[in-house]
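This report concerns only the one structure given below.
The values are calculated or read from the model by the stated rules, or taken from the named source; none is laboratory data. Fair warning: this is a prediction, and the values are worked out from it, not measured in the lab. Neighbour counts are summed over all protein chains in view; Cβ atoms, including those assigned to glycine, are modelled from backbone coordinates with ideal geometry. Side chains are part of the model used for accessible areas, which takes the heavy atoms of the whole protein and leaves out ligands, DNA and RNA. Shrake-Rupley method; radii C 1.70, N 1.55, O 1.52, S 1.80 Å.
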Amino acid sequence: MAERRLENIAVVFAWLSALLVPALLAVVTGFLLLRGWPSLKVALWFGDTPPLAALLYGAPVFDGIWPACQGTLYLIALVALMAIPLGVASGIFLAEYASGRSKRLFSFCVELLAGIPSILMGLFGFALILFLRRTLAPEANTCLLLSAFCLMLLVLPYLISSTRLAIESLPDALRLTGASLGLSHWQVIRRILLAASAPGIFSGVILAIGRAAEDTAVILMTGVVANAGTPGSLSAKYEALPFHIYYLAAEYQSPAELAQAFASALVLLCLTGLLLLAARRLQARLEIK
Amino acid sequence: MKRFTTRGTRGMTLALICSALLAGAAAAGELDAFAGKKGKIDIAGGTAHIPVMKDAAKHIMQANPEIRISVAAGGSGVGVQKVGEGLVDIGNTGRPLSTEEVAKYGLKSFAFALDGVAVAVSPKNRVANLTAEQVQQIFAGKISNWKSVGGRDAAIHLYTRDEASGTREVFWEKLLKKGVIVETANVVASNGAMKSAVAEDGDAIGYVSIGHLDETIKAPTLDGISPTQENARSGKYPIVRQLYMNTKGTPQGLTAAFITYVMGPDGTAMTAAAGYLPLH
Amino acid sequence: MAARLLYCAAAVSALAVLAILAFLVYFSLPLFQGEQLAALLSWHWRPLQNEFGILPMIAASLALAVSSMLVAYPLALGVCCFAHGLGPDWAARPLLVAVRLMSSVPTVVYGLVAAFSLVPLIRGASSGSGFCWLAALLTLAVLALPTIVLLLDSQFQRVESEIRLTAAALGLTRVQEMLQLTLPLSSRGLALAAILGFGRALGDTLVPLMLAGNAPQPPLSLLDPMRTLTAHIALVVATDSQSAAYNSLFACGLILFLLTVLVNLGLRRIRMGATAHG
């Protein structure tokens with residue numbers, strides 16, 4: 001009887017949780033839509049500047065989120081450029097070449113890197129600049145490149161893990177077939193395994209990009225500012241969407257600015273949501289195989 | 001129709017055109033210093049300065065898109081540290097530099113505005129006046145209910161600034177007379193953040209630069225004196241400070257041009273529009 | 001040749017971790033040399049009076065992480081159980097889709113929504129300002145929930161694929177299968193999820209920064225403001241670079257790092273223990 005009681009309680013609790021969770025999601029998105037939808041106009045992005053002038057001729061935009069969007073896009077591009085080769089290569093290494101002690105050691109390092117809080121990554125970037133200024137590069141400064149570098153370190157574990165997982169879950173038959181055809185280990189990897197694990201690797205790439213797009217703690221310490229316009233160069237200060245939202249939330253000067261914060265949040269949410277959908281699509285393809 | 005083309009009308013039109021040209025030239029003259037230049041200016045520090053800095057940056061960047069100006073916050077302490085370490089070109093402070101800071105970094109100060117620091121409460125709060133002593137006791141945690149000072153029966157929600165803030169330092173030295181700010185106070189990171197927090201919270205009390213006062217928050221009179229810029233200028237309101245731009249050594253190039261611009265007629269107009277008292 | 005290049009690539013991640021640790025230690029060294037270390041271990045953060053105690057921040061970080069896990073974990077377990085038999089079969093898929101969508105919501109967006117919905121709610125219902133432990137706790141729980149659910153889900157899937165037929169043959173209902181077989185068999189996965197969630201909650205910066213009020217005092221009441229290690233680093237990051245306040249930042253970073261390492265070692269332990277059992 002007591003067991004029955006326990007079972008009933010468990011079922012009731014499970015139902016409550018299962019109702020609560022989607023309700024929370026609805027509340028969050030509903031709230032954002034309510035407060036932000038009215039501000040989703042062209043003026044949100046470009047302020048007073050005509051959009052074509054801003055897009056084509058680089059006219060400076062004030063009171064719009066376009067520079068922040070640009071900053072985020074540049075960050076994503078830089079992070080992808082740096083992280084993909086490094087992450088995929090490390091993943092391949094861990095899946096195919098490492099063994100025994102070195103494999104355990106590297107795996108542990110990757111896990112450790114994955115567990116490092118983003119604020120520490122930002123602190124590291126900041127300390128790096130201080131160190132460089134005292135030693136090698138007295139002109140070093142917090143900038144786009146530094147942020148991209150620190151974000152790359154942040155998302156590297158995602159890439160390494162997903163690459164490794166994708167390759168490790170490939171059937172041995174592929175490797176054996178390749179070997180029987182006379183291909184070297186590297187040739188097997190390059191020609192067969194990578195192609196077969198591509199969906200898994202891509203989904204990891206997309207998750208990494210999503211993480212880089214939404215992170216605020218790292219960029220807070222490594223070069224993002226509230227007003228900078230279009231990033232001029234890799235060594236320039238820049239704006240970014242998540243920081244813009246944080247900044248407006250903390251110090252909006254008018255109801256219009258607060259509404260802009262909610263609209264920007266909607267934009268960021270769309271970006272990360274789309275990335276998630278893309279990643280899921282790719283993973284689904286992998287699972288079908 | 002012939003009647004209107006008299007010499008008088010032609011003269012007037014000419015005068016109009018001339019004055020328009022002159023006005024344009026005068027305005028353009030301000031920004032002439034930036035014509036044809038390229039480069040960047042990084043500004044950081046005091047949050048009270050930000051409206052003026054943003055405005056100036058906007059005008060300059062619109063006149064010359066080759067120049068990039070970035071404005072960051074952080075507070076006066078950040079301003080000193082960053083400009084001293086060479087991380088930014090101009091470090092803004094809402095307090096004078098200490099002798100150690102000048103000696104350590106070799107900084108030059110340019111005061112461009114007079115500002116005050118006012119106690120801020122929500123417009124819903126019916127308290128209209130506070131004595132200096134009441135403010136000291138509130139921030140020390142000794143008075144914790146609004147009804148003790150004439151408000152409704154509700155707990156006082158304290159908001160203060162982080163330690164890098166020049167606004168905080170001036171408030172602490174001049175109004176609190178270096179008294180204690182209790183540790184349970186909520187900490188916000190800029191004047192703008194203080195304003196938003198106080199505007200949202202009906203039982204809040206904090207402090208902001210007078211330039212940040214608007215209809216979303218209310219500044220009760222201090223010992224009967226209203227915290228306005230006029231009273232700040234005349235000396236009646238005692239909690240005042242100057243706003244400084246600081247550079248490492250003598251400013252050069254674009255930085256010098258920017259400082260001249262902010263202290264010139266255009267910049268003075270922007271300073272006044274932001275709610276501060278220009279010093280020139 | 002290729003192997004060597006790949007080895008270098010993998011070495012980079014190892015080096016990165018070491019570099020981060022090295023920097024934290026290097027910049028915290030001045031602390032260990034003076035009496036500043038003792039100064040750090042105090043309960044008062046008053047830089048203007050030369051007191052740099054970071055104990056309130058450590059306590060706050062731990063308290064927030066533990067409390068948010070106490071809220072998030074049971075909920076996550078409930079959701080997962082629902083999706084694995086305690087609820088109707090047709091509901092499992094949509095529920096997990098909703099959870100995945102939740103996981104894509106950026107932290108700053110959660111902070112924004114909570115700052116303008118939860119905080120005023122708490123402010124109205126209590127005598128505090130609304131920026132408090134409770135606000136950060138609830139938001140952090142919502143933030144960590146999807147991660148824990150997805151982890152538990154993959155764990156349950158693995159176990160269920162092995163025991164489903166057996167359980168059916170024994171005549172167990174789905175509920176009984178879950179409570180009496182799946183859960184006990186998933187003990188390792190349950191522990192893993194708990195620790196990972198804890199690590200996630202410990203390392204979050206934006207939620208405490210935006211919602212917890214940032215008062216440097218020990219967390220004694222749910223409705224009082226508090227400041228975590230992460231928010232402390234974000235707030236103090238740009239003070240004078242020679243002072244003890246600044247060096248305390250790196251001590252905070254070091255402590256966070258050590259806590260992270262402990263969490264990871266715990267995870268390792270659990271995983272190793274499982275493989276020993278096979």
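Brief remarks follow.
- In terms of distances greater than 32 angstrom between alpha carbons, the cross-link table entries A:K237/B:K104; B:K104/B:K218; B:K37/B:K82; B:K82/B:K177; A:K237/B:K178 yield B:K104/B:K218; A:K237/B:K178.
- DSSP bridge pairs, the stretch B:115-240: antiparallel proportion in percent, nearest 5: 55 percent
- Here the Gaussian network model covers chain A, with springs between Cα atoms less than 10 Å apart; of A:S102, A:S118, A:S203, A:S102 fluctuates the most.
- By average C-beta atoms within 10 angstrom, highest first, the peptides A:66-76, A:87-97, C:213-223, A:36-46: A:87-97, A:66-76, C:213-223, A:36-46
- Estimated inter-spin distance, A:S99 and B:D32, nm [label 7 Å along Cα→Cβ]: 7.9 nm
- Most mobile of C:A39, C:A141, C:A11 in a GNM of chain C (Cα contacts under 10 Å): C:A11
- Calculated translational diffusion coefficient of the stretch A:19-76 (10 °C, 1.306 mPa s; Stokes-Einstein with Kirkwood radius over alpha-carbon pairs) equals 119 µm²/s.
- Rg of the Cα atoms in the protein assembly as shown, relative to 2.2 N^0.38 Å, amounts to 1.03.
- Nearest-10 value in Å² for the accessible area of A:E7, using the 1.4 Å probe: 20 Å²
- Hz values of 3J(HN,Hα) by residue in the stretch C:83-98 - Karplus curve (6.51, -1.76, 1.60), Gly and Pro given as x: 6, 10, x, 6, x, x, 4, 5, 8, 5, 4, x, 4, 5, 4, 4
- Cα-projected label distance for C:M1 with A:F108, points at 7 Å along beta-carbon direction, nm: 3.4 nm
- Residue list for the stretch A:19-58, given a label point 7 angstrom along the Cα-to-Cβ vector of C:S117 and an amide N cut-off under 11 Å: A:23-35
- Entry comment: accessible area of the protein assembly as shown is 42 Å² per residue, from protein heavy atoms only and a probe of 1.4 Å.
- Computed over chain A, the per-residue total of -39500 (n - 2.57) for DSSP H runs of n ≥ 4 gives a 222 nm mean residue ellipticity of -25000 deg cm²/dmol, rounded to 500.
- One equal scatterer on each Cα of the stretch A:135-221, no solvent, Debye formula: the resulting log10 I(q)/I(0) at q = 0.13, 0.14, 0.20 Å⁻¹ is -0.59, -0.63, -0.88.
- Values of log10 I(q)/I(0), in the order q = 0.07, 0.08 Å⁻¹, for chain B under a Debye, Cα-only, solvent-free model: -0.32, -0.40
- Chain C packed on chain A takes about 6400 Å² of accessible surface away from a 1.4 Å probe, both sides summed.
- Relative pair counts by distance (%), Cα atoms of the stretch A:20-123, 5 Å bins: 2, 9, 10, 11, 11, 11, 13, 11, 9, 6, 4, 1, 0
- For chain C, average projected area of the Cα convex hull in nm²: 19.9 nm²
- The relative contact order of chain A, computed from alpha carbon pairs under 8 Å that lie at least 6 residues apart in sequence, is 27 percent.
- Among the residues of C:215-224, the average count of other protein chain beta-carbon atoms within 10 Å of the residue beta-carbon is 2.
- Each residue of the stretch C:49-61 is assigned a 3J(HN,Hα), and the resulting list reads 9, 6, 10, 10, x, 10, 4, x, 5, 4, 4, 5, 4 Hz, derived from the Karplus form 6.51 cos²θ - 1.76 cosθ + 1.60 (θ = phi - 60°), x at Gly and Pro.
- The Cα center of the stretch A:1-75 and the Cα center of the stretch B:138-190 differ in position by 35 Å.
- Residue ranking by accessible heavy-atom surface, 1.4 Å probe, largest first, among B:K218, B:K104 comes out as B:K104, B:K218.
- For the segment B:45-53, counting C-beta atoms of other chains within 10 Å of every residue's C-beta and taking the mean gives 1.
- Over the stretch B:115-240, the alpha carbon radius of gyration divided by the compact-protein estimate 2.2 N^0.38 Å works out to 0.93.
- What the Cβ-Cβ distance of C:V71 and C:R164 gives, at R0 = 41 Å and to the nearest 0.05, is a FRET efficiency of 0.85.
- Inter-chain Cβ neighbour count for A:126-134, averaged per residue, equals 4 (cutoff 10 Å, partner chain atoms only).
- Alpha-carbon geometry of the stretch C:96-187: the Rg and the Dmax are 19.2, 58 Å, given in that order.
- Taken over chain A, the percentage of Cα pairs per 10 Å bin, counting from 0 up to the bin with the maximum distance, is 6, 21, 26, 23, 16, 7, 1, 0.
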